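Chemist: Dropping the structure in here first, questions after.
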Amino acid sequence: MRPVWALKVLIVIVFTSILFRGVCGANHTVGGASGWDLNVNMHDWSSTTTFNVGDDLVFSYTPLHDVVEVNQQGYDTCTIANAIGTYNTGETVIHLTSEGTRYFVCGRMGHCQMGLKLEVRIPIQSNNNGTGDNQNQPGGARRNPPPPRSPLRFPPPHHQSPPSPRDAPSDAPTEEPCDCSSAGEGRWVVSLITRVTVLGLIFFSSLFFVN
């Protein structure tokens with residue numbers, strides 16, 4: 001594969017991966033490297049993790065544990081009588097579809113009381129439409145009237161009588177007209193060099209993208 005085509009393919013791959021990540025969200029392995037286990041402080045882990053709509057919670061655990069989704073009361077009291085869902089496959093993926101708070105506990109005897117429970121808070125997406133008095137104005141922005149401008153004051157014109165012919169020195173040098181032909185030729189040469197340089201850059205850029 002030619003180097004130019006390899007560069008183009010690399011650029012396409014990078015942009016595709018960025019768009020794919022923005023659409024699919026992030027995967028959060030619950031508990032980090034240790035997974036869903038009693039050795040992990042789930043409260044500390046969740047407090048340092050940001051959850052958003054579209055993310056996935058990945059529970060990895062041994063047969064000694066399971067995953068039970070409960071309501072807030074079940075989370076606070078470690079009861080699974082009114083469980084929303086129970087999973088025991090060893091690897092459970094929970095997709096976060098909306099804002100709010102979701103609660104998970106381990107249903108094995110005594111594990112929830114020992115700290116194996118998780119509270120996931122998905123913040124509400126805020127809309128920057130402006131709040132307060134700004135909404136009273138069109139476009140959500142308050143427009144204050146400009147301060148009045150003070151009238152400009154100019155000093156009175158100073159009239160000075162022209163000097164009389166007797167006051168003018170008799171030996172004052174006379175100004176000779178300037179020969180600007182050399183300056184005009186210099187500006188024309190610079191303009192020509194600039195145009196040739198721009199055309200050269202356009203030509204080489206077209207060769208790069210065509211090849």
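What follows draws every value from the coordinates through simple rules; no lab data is involved. Bear in mind that the values here come from a model prediction, so they are computed numbers and not experimental data. Methodologically, a virtual Cβ is constructed for each residue, glycine included, from the backbone with ideal geometry; neighbour enumeration extends over all protein chains shown.
Chemist: Starting from the amide H of Asp66, placed 1.01 Å from N in the peptide plane, find each other amide H under 5 Å away whose residue is 5 or more places distant or on another chain.
Modeler: Distant-sequence amide H within range of Asp66: Gly107, Arg108.
Chemist: Return the long-range amide H neighbours of Leu118 (sequence gap of 5 or more, or a different chain), with a cut-off of under 5 Å between placed amide H atoms.
Modeler: Distant-sequence amide H within range of Leu118: Phe104, Val105.
Chemist: Let me ask something else. Step through the residues of segment 64-78 one at a time and calculate ³J(HN,Hα) from phi using the Karplus curve (6.51 cos²θ - 1.76 cosθ + 1.60, θ = phi - 60°), rounding each to whole Hz and writing x for Gly and Pro.
Modeler: Values per residue, Gly and Pro as x: 6, 10, 8, 10, 10, 8, 10, 8, 5, 5, x, 5, 5, 9, 6 Hz.
Chemist: Right, another one. Of the peptides 99-112, 38-51, how do they stack up when ordered by the mean number of other Cβ atoms within 10 Å, highest first?
Modeler: Order by mean packing, descending: 99-112, 38-51.
Chemist: Please compute one quarter of the surface area of the Cα convex hull for segment 29-110 and express it in square nanometres.
Modeler: The Cα convex hull of segment 29-110, projected and averaged over all directions, gives 5.3 nm².
Chemist: Read phi for every residue in segment 42-50 and hand back ³J(HN,Hα) as whole Hz from Karplus 6.51 cos²θ - 1.76 cosθ + 1.60, θ = phi - 60°, with x for Gly and Pro.
Modeler: Ordered by residue, 3J(HN,Hα) equals 5, 5, 5, 5, 5, 5, 9, 10, 9 Hz.
Chemist: In nm, what is the difference between 0.36 nm times the number of residues separating Glu91 and Ser47 and their Cα-Cα distance?
Modeler: So the extension gain works out to 13.6 nm.
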